Structures are given as structure tokens and as C-alpha cells.
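What follows is one structure encoded as C-alpha cells, with my remarks underneath.
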Amino acid sequence: MLRAAELALNWPHTHPNPRVGSVVTDASGEVVGEGWHRGPGTDHAEVMALQGAGEAARGGTTYATLEPCTHHGHTPPCVEALIAAGVATVVIGAIDPDDRVNGQGVIRLKEAGIEVISGVEEEKARALDPAYFHYHETGLPRVTLKYAMTLDGSAAADDGTSKWITGETARRDVHRLRSLVDAVVIAAGTLREDDPSLDVRLDGYTGPQPRAVVVAGKTPLPVRARLWRRDPIIVSTEPREAPSGEVIEVKPQGEHPDPVEACRALAAKGLLHLLLEGGPTVARAWWRSEVITDGVVYVGAKIGGGTGRAPMTGVFGTIADATDVEFEDVRSVGSDAVITFNKKGT
Ligand code: AOF
Ligand code: ZN
């Protein structure tokens, strides 16, 4: 199962489909096939592994990090492939939360006389693709908040400048983060002020680029911006023209798009994992709407010493109202530090 989990990450860009890995052993327990999913329209992991195994799968065991599917989607059901291959035992990591499957896979395999063992390394299996599970359980995407700040908690200088809080290595790490999400989200203010590209610029990177998403209130969008080359999605509270890409309209919360509605609309487009890159107003609105599930904070080895501008500005209410989060990882990147956290219960 641990090998299957490793295989699942061979191609992390599967959304809206899940990352899934699979290993097939023959009747003597020897590995005879390995597979992983590569996104909509391609073979499911078990099918790829069974193809590698051929006749050797008969009487053996198939391991899959996700419950084999029972429905005809882009491809035929995996349970039928497992039954046809004469597999004796199927070992499953996590139950598939997709309504079309959700336990049906286990039932169908058992009905066919196959021994099923489920919940093996379940936590690891779910951790392969937290966004997929979060989406099917809540209808919302995983939203990772990212920002950089100085050691004394400032995201911008007194004159408003905010570039180069961290060094080169940390900035490269952001590109690695972007390569693992479906979309990078900013507010229209950041589009105007920073003119970002929001793409992955890493040597040798050949994977897909994340979609660029701009959350826009009532103010006009810039006519010229690098982002127009990337066909962004504009999430807007009203109909508007954009030089490229597409506009999706969602109901407002005050002046801005309602964060929950914006998230729902983006997830419905298959964007199950969003990286929220700012600025502070959108970060605060999305945090208060409780759509943010986790975060990555780069801490520059610098002290500002000014009045500065905090990433989201202060505590909402009193200090006792601050939300507790769980630090998942704290590590150095070059001369800076990066902290990844999960909001409790997500
Ligand atoms: C598996 N193994 O490797 C994957 C599964 O429309 P389709 O055919 O691409 O199906 C997408 C759904 O199939 C997805 O939501 C999930 O329920 C299941 N994905 N199942 O047994 C796999 N990728
Ligand atoms: Zn399948």
C-alpha cells in the first residue's frame, strides 16, 4: 500500500479526479504490476496496474489507495476489470467519497466473491489528495493561504512596497507550491499593483500551469497586465468585459464576491485546490468566511521595525478570538523559514 501511495504522486495533476496509485501482486505475493492515474480521460490506476500484470494478476492481490470505482465515467468501472482479471483479494486505502462510488465498490467486489480489506493506511491514502476528499465532503475546494512576512509580522513596508521580503530560495519554493495546485487566486488590487504572472517558472518543469483567478469587486480591471496572456478566470459580482479569459459572476458579500460562492463556483469548474496569494483584503474576507483550510507562511530573515502592514491586519476582536491552527511543518528555505499549517478540523 505504501508503494501504491508513492505511485499515486507520480503525476499529481489529476483534478477533478483523485490521485490514485495501485500495485498488483501474483498469487505468490510478487509484484507484477504498478499503476497510477493521470487525470480525466486516462486509465484509472488499477486498470494500468492490471494491464502490466496481465494473466499474473489471477489469484493474486490488488492494492489501491482509493476504493475501485463502479461507474462508467470517462472509462469503464475498475471493479469489472478486477473481477475479469480473476483477482482474489483487493486491499483498499480510503473509501471513494464520490457519490457515484462511496462504498459501492466494496459491495460489488464482495458480491463477486473477492476478499476485500479496506482502511489500510487510510490516513496516508487520504493525505495523497486532501483537496479531493474536502471537495466531495463539503462542495468546496481546498484553499491554501500563502503569504510572506518579515520576522516582526509585516507583509509590506510603510511605503507600501512588499517585494523581496524573502530570498531567492523561498521564492522558488512558491513556484513548487504553484505547480501542485489547480489555480492561483489574487484580488484585482494585486493585479493592478504587482502585475503578476502567477505561473510556474521552474527549470525543467513540464507539468500543466495552474489557472489564474482574479477576484474583482467594483473597481475596473487594468487594460494592460501580464495576466491577460494566461486567460484568467475573473470572479466578479457583476457582468464585465475582460481582455481575455472568462468571467464568472457570483453574488456579493459587501463590495466583493462572496468567498463561499466564489469557491463553490471554482470547484464546480474542477479547480479543487486553490492557492490564495493575496492581498490582505481578500485574505481577510476569505479567512472570516472560513473557506481557508491551510496555509504556507514564508518568514523572511528580516525585521522591518516600521509600522508596516500585517498580512491580514491584527486580530478580529480580542486576542482570545484568534483561531488556533496546527503547525504541520516548520523548516528553513535558504536563509528564510517556511511554516505550513492546517486550520483545525480541515
Ligand atoms: C479508481 N481508480 O485511478 C481513479 C478513480 O470520469 P472518470 O472515469 O475519469 O472517473 C472519475 C471518478 O472515478 C472520480 O471522481 C473517482 O470517483 C473515480 N476515480 N477511481 O478506482 C482511479 N482515478
Ligand atoms: Zn476506476
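Show me 316-326, 141-151, 259-269, 168-178 ranked by packing, highest mean number of other Cβ atoms within 10 Å first.
Working: 316-326: 9.5, 141-151: 23.5, 259-269: 21.0, 168-178: 16.6.
Order by mean packing, descending: 141-151, 259-269, 168-178, 316-326.
Cut-off is 10 Å between beta-carbons; in what order do H15, H136 appear when sorted fewest neighbours first?
Values: H15 22, H136 17.
Sorted ascending by nearby Cβ count, the order is H136, H15.
How big, in percent, is the set of alpha carbon pairs in the chain lying more than 28 Å apart?
Values: 28851 of 59685 pairs.
Taking all Cα-Cα pairs of the chain, the fraction more than 28 Å apart is 48 percent.
Taking amide H positions as placed 1.01 Å from N in the peptide plane, with prolines and chain starts having none, which residues 5 or more places from L276, or on another chain, fall under 5 Å of its amide H?
Amide H neighbours of L276: T144, L145, K146, V185.
Just tell me which lysines come within less than 21 Å, Cα to Cα, of K343; anything on the same chain fewer than 8 places away is out.
List returned: K124, K146.
Sequence-distant or interchain residues sharing an amide H contact under 5 Å with Q253, placed H: which?
D258
When the Karplus curve 6.51 cos²θ - 1.76 cosθ + 1.60 is applied with θ = phi - 60°, which whole-Hz ³J(HN,Hα) does each residue of segment 42-56 get, with x for Gly and Pro?
Going residue by residue, I get 9, 4, 6, 4, 5, 5, 4, 5, 5, 4, x, 7, x, 5, 5 Hz, with x marking Gly and Pro.
What is the sum of charges around G52, taking Lys and Arg as +1, Asp and Glu as -1, for the other residues whose C-beta is under 15 Å from the C-beta of G52? Before the final figure, lay out the partial values.
Values: positive: R3, R38, R58; negative: D26, E30, E34, D43, E46, E55.
That works out to -3.
Counting other Cβ atoms within 10 Å of each Cβ, which GluC sites (Glu not before Pro) in segment 5-72 have at most 15 and sit in a DSSP loop?
Listed in order of number, the matching sites are E30.
If you take every residue apart from T61 with its C-beta less than 13 Å away from the C-beta of T61, what net charge results, scoring Lys and Arg +1 and Asp and Glu -1?
Numbers: positive: R3, R58; negative: D26, E30, E46, E115.
My count for the surroundings of T61 gives -2.
Would you mind giving the average projected area, over all directions, of the Cα convex hull of segment 271-346 in nm² with one decimal?
Details: hull surface 25.7 nm².
Its average projected convex-hull area is 6.4 nm².
For segment 1-153, take every pair of Cα atoms, bin their distances at 10 Å starting from 0, and report each bin as a whole percent.
12, 43, 30, 8, 4, 2, 0
Using a cut-off of 14 Å between beta-carbons, work out the net charge of the residues near D26 (Lys and Arg +1, Asp and Glu -1, D26 not included).
Values: positive: R58; negative: E30, E34, E55.
Here the charged neighbours net out to -2.
Once the convex hull of the C-alpha atoms of segment 164-249 is built, how many Å³ does it hold per residue, rounded to a whole number?
On the way: hull volume 8.5 nm³, N = 86.
Per residue, the Cα convex hull of segment 164-249 comes to 99 Å³.
Would you pull out the residues with amide H under 5 Å of I233's amide H, same chain only if 5 or more places away, H placed 1.01 Å from N?
Long-range HN contacts for I233: A212, V213, V214, E246.
Once phi is turned into θ = phi - 60°, what whole-Hz ³J(HN,Hα) does the Karplus curve with 6.51, -1.76 and 1.60 give for every residue of segment 245-262, x standing for Gly and Pro?
Per residue, the Karplus-derived 3J(HN,Hα) values read x, 9, 10, 10, 9, 10, 5, x, 10, x, 7, 10, x, 4, x, 5, 5, 4 Hz.
Got a sec to turn the phi values of segment 2-18 into Karplus ³J(HN,Hα) couplings, 6.51 cos²θ - 1.76 cosθ + 1.60 with θ = phi - 60°, whole Hz, x for Gly and Pro?
5, 5, 4, 5, 5, 5, 4, 8, 4, 9, x, 9, 9, 4, x, 7, x
List the aspartates and glutamates whose Cα lies under 15 Å from the Cα of K269, skipping any in the same chain that are fewer than 8 positions away.
Straight-line reach from K269, under 15 Å: D182, D231, E246, E249, E261.
Give the order of S244, S197 when sorted by the count of other beta carbons within 10 angstrom, beginning with the fewest. Spell out each step's value before the answer.
Details: S244 12, S197 15.
Lowest to highest Cβ neighbour count: S244, S197.
Between segment 164-183 and segment 9-84, how far is it from one alpha carbon centroid to the other, in angstrom?
If we compute the Cα centre of each part, the gap is 33 Å.
List the aspartates and glutamates whose Cα lies under 12 Å from the Cα of K344, skipping any in the same chain that are fewer than 8 positions away.
Reachable aspartates and glutamates: E290, D294, D324, E326, E328.
Return the loop-located trypsin sites (Lys or Arg not before Pro) in segment 66-141 (DSSP other than H, G, I, E, B) with at most 15 other Cβ atoms within 10 Å of their own Cβ; answer none if there are none. Numbers along the way, then the final one.
On the way: sites: R100, R108, K110, K124, R126; in loops: R100.
Answer in residue order: R100.
On full extension of the chain, what length is gained from S197 through E249, given 0.36 nm per residue of separation minus the C-alpha to C-alpha distance? All intermediate terms of the calculation are to be shown ahead of the outcome.
Values: separation 52, 0.36 × 52 = 18.72 nm, distance 2.27 nm.
Computed gain between S197 and E249 is 16.4 nm.
Every number in this text was worked out from the coordinates using simple rules, so none of it is lab data. Here the structure is a predicted model, which is why all the values come from computation and not from measurement. A quick note on method: Cβ atoms are made from the backbone with ideal geometry, for glycine too, and the neighbour counts reach across all protein chains shown.
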